[in-house]
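S.K.: Could you have a look at this structure, given as structure tokens, before my questions?
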Amino acid sequence: MIHNISYRTFVYTTEDEDKVTDAISYLFFNSLPEATIDEDHFNNEILVLSDKITKKRSIREFIDFLNENLSDADKETIKDELSRRIDDKGNLFLRFDKQEAVDENLKLTYSGNAIHTKIKIASYPSNKENAIKVAKEKIFNFL
């Protein structure tokens with residue numbers, strides 16, 4: 001159903017790293033993000049927090065969390081945009097509002113200031129059409 005889930009978010013100098021880590025923990029219960037330092041186009045340091053989740057139990061917990069906590073409006077957005085959110089390799093891309101997650105609210109966003117999430121859907125053969133079918137039939141209970 002899902003091979004893995006990876007996420008990445010940036011911690012800017014104006015943000016509290018602990019709060020961003022708490023936001024990640026709200027979405028991914030057992031994840032310990034790896035921290036790396038990068039630079040923006042102004043040569044300012046940015047902390048990047050990321051992880052790849054491969055344990056089936058953690059993947060199932062995350063999918064259950066999405067199904068239970070996404071708002072009806074966000075569920076409709078995923079339903080309407082599913083074919084645009086899945087690439088030719090079967091990756092589903094979702095962005096969750098980082099500030100909302102700090103407040104323990106699950107909300108999709110189009111903003112770059114987000115927790116960028118990539119869900120690698122297992123389908124055979126691995127292509128967009130099969131990934132959409134798996135997402136509708138086996139991952140999201142609202143599609």
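The values are calculated or read from the model by the stated rules, or taken from the named source; none is laboratory data. Small disclaimer: the values here were computed from a predicted structure and weren't measured. Note: ideal-geometry Cβ built from the backbone for every residue, glycine included; neighbour counts use all protein chains shown. In case anyone asks, the SASA skips ligands and DNA or RNA and just uses the protein heavy atoms, side chains included. Shrake-Rupley method; radii C 1.70, N 1.55, O 1.52, S 1.80 Å.
S.K.: Which ones in the range 131-143 are open to solvent by 40 Å² or more (accessible area, probe 1.4 Å), touching a residue at least 24 places away in the same chain (Cβ under 8 Å) and not in a loop (DSSP other than H, G, I, E, B)?
M.R.: The answer is LYS136, LYS138.
S.K.: Condition first: over 24 Å from PHE10 (Cβ atoms) and aliphatic (A, V, I, L, M). Now tell me which residues in the range 60-85 satisfy that. Talk me through it step by step, then tell me what you get.
M.R.: As a first pass, look at the range 60-85 and keep what is over 24 Å from PHE10 (Cβ atoms): 60-61, 63-64, 67-68, 71-73, 75-76, 79-80, 82-83.
Of everything in the range 60-85, those that are over 24 Å from PHE10 (Cβ atoms) and aliphatic (A, V, I, L, M) turn out to be ILE63, ALA73, LEU82.
S.K.: Quick check: is even one residue across the range 27-49 at negative phi, touching a residue at least 40 places away in the same chain (Cβ under 8 Å) and of a type outside the set (A, V, I, L, M)?
M.R.: From the range 27-49, those at negative phi are 27-42, 44-49; that's our starting set.
Subset that is touching a residue at least 40 places away in the same chain (Cβ under 8 Å): 27, 48-49.
Imposing the further condition that a residue be of a type outside the set (A, V, I, L, M) reduces the set to none.
Among the residues of the range 27-49, not one is at negative phi, touching a residue at least 40 places away in the same chain (Cβ under 8 Å) and of a type outside the set (A, V, I, L, M), which makes the answer no.
S.K.: Could you tell me whether LEU82 is in contact with a helix residue (DSSP H, G or I) (Cβ under 8 Å, 6 or more places away or on another chain), touching a residue at least 24 places away in the same chain (Cβ under 8 Å) and over 14 Å from ILE121 (Cβ atoms)? Give the derivation first.
M.R.: Working: in contact with a helix residue (DSSP H, G or I) (Cβ under 8 Å, 6 or more places away or on another chain): yes; touching a residue at least 24 places away in the same chain (Cβ under 8 Å): yes; over 14 Å from ILE121 (Cβ atoms): no.
No, not satisfied.
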